Structures are given as structure tokens and as C-alpha cells.
Amino acid sequence: MGKRIISQARGHGSFTYRVKRKAFKIRSRYPSALSGEGIVLKMINSPAHTAPIAKIKYKNGIFFMPAFKGMTEGQIISFTPGKFEPGSILMLKDIPLKSSIYNIESRPGDGGIFIRTGGNSGVIERVSESGVFVTMPSRKEKEFNPACRATIGIIAGAGRLDKPILKAGKMHFIKKSKGKLWPRTSAVKMNVIDHPFGSGRGKRIKSKVPKRNAPAGAKVGLLRARRTGRR
């Protein structure tokens, strides 16, 4: 008797394919209102993030944010316009052109959602009447509301992809901490009972496109084209 294929098992949502909840116990975002300055209390290693997380204390409490390159414990972070040091959290309209920034808000006050991966940063290219244009890590320009906040600097953790992964066990724990599927087995290498593309026959098929009316368990592989043939 066959068993559920991997895509079905992941869709079921069991704990085998979920990230552990404790990995996301730290919520990294800006507070709704910031003024004055804060101090870096601690640098935290979070398994759910690719960069270290900084615990920062300010006059109204404590918040967490991705650390920038060169950040140290006990460092003072400014939230006041006019101070353009690494780590300063300011509105885009108050940051000079050609500055490297990260953790940009999509809408004013949402806490920051863009450019949060270790080693990345964006650059403020130009300012127009409609908004501020930032060159993203993908080299594409994106327009933001001038009132959106961002952090000056480059996110820490840039060398995480430089060091080679010498053992399969290390990759196992890296993927497990984020709930990723690894190692990924090719479908045609599976048994016929485990996947619609499995078995030793038909290895040289022209395409791996399921039938349009295939059931949910068999609808895997490439998406079916809307039409075929030349126009």
C-alpha cells in the first residue's frame, strides 16, 4: 500500500514539517513611536533569523531589531534626525542620499519588513514629490513613503554563505531550525507508490505535467500551460 507523497504530508501541516515555535519567540520590529536614543543591551542568536538580533532599550521599553555590521553591546543608537551614524533609525526623508539602509517599513508604522536578511542593504537613490526611491538588493528600484522608517547601515551576518558546509549533519540542523525540506529527493527516483513520477519506467518523459483533471495528490510537478502550439 502506498503512502502520502511529500507534498501532501507538508500540506497536512504536521509538526514534522513545521518550524518550532520557540524559533520565533523574538519579534523583531520598530515600536510605534521612537524619539531620543536607545542603548544596545544584548546581541541574541536567533535560529529563525540569518542575522544577529539586537535587544535595545529606550525610554518607553525594549524592542528587538536586526543588528548592523559593527554593532556592539552598550552602543548608543540615535532616533533623532541629524545624526547619520550606523544604527540610527530615521524616516527615509531625513536620511541623506546614497546612504546604505535596511529594515525598511512598507507603510509608516508597520515595524519594518524589507531588507532583513544577513549581509544585505539598500541604497537611497533619489527623492521625488511622490516618494523616496531605494535600490533594493535585487538591483531594482522601489518607491517608499517618505515617512517610512529605516536603519542606517548594513545588516550583520554577511559571511554566513562564505564558510563551506563540510558535513551533511550541519546542513541538516540548519534546515531543521527553519522547517525546510532537506535533503530534497528527485521525484523520478522515488518508488511508484510514493510519487506520481516514481518507478523505473518513463525516465525519459518529455514533460512532467500532470493531467488537468488529476486529483490533488497527483497534481504535482510543472504547472499546466493554458494553451499549447504556435499562435
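All of the numbers you see were taken from the coordinates with simple rules; none came from a lab. All figures in this text were calculated on a predicted structure; none of them were measured in a lab. Cβ: placed from backbone, ideal geometry, glycine included. Neighbour counts: every protein chain shown.
Numerical summary
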| read-out | value |
| --- | --- |
| Residue-count net charge about residue 182 - beta-carbon cut-off 9 Å; Lys, Arg +1, Asp, Glu -1 | +4 |
| Rounded tilt (10° steps) of 168-177 against the dominant C-alpha axis of the chain | 70 |
| Per-residue Cβ neighbour rank within 10 angstrom, fewest leading, 50, 16 | 16, 50 |
| Net lengthening on full extension, residue 141/residue 43 (0.36 nm per residue, minus Cα-Cα) | 32.1 nm |
| Per-peptide average of other Cβ atoms within 10 Å, ordering 64-76, 28-40 highest first | 64-76, 28-40 |
| Residue (of 119, 144, 30) at the positive-pole extreme of the chain, dipole from beta-carbon charges | 119 |
| Fluctuation leader among 126, 204, 139 - the chain, Gaussian network, Cα springs under 10 angstrom | 204 |
| Calculated mean projected area of the Cα convex hull in nm² (choose from (i) 20.0; (ii) 16.7; (iii) 18.9), label | (iii) |
| Segment 1-73 versus segment 127-206: alpha-carbon centroid distance in Å | 17 |
| Computed [θ] at 222 nm, helices only, for the chain once each DSSP H run of length n ≥ 4 contributes -39500 (n - 2.57) | -2000 deg cm²/dmol |
| Within segment 95-188, GluC sites (Glu not before Pro) in DSSP loop having at most 14 other beta-carbon neighbours inside 10 Å | 129 |
| Listed residue (214, 173, 74) projecting farthest to the positive dipole end of the chain, Cβ model | 214 |
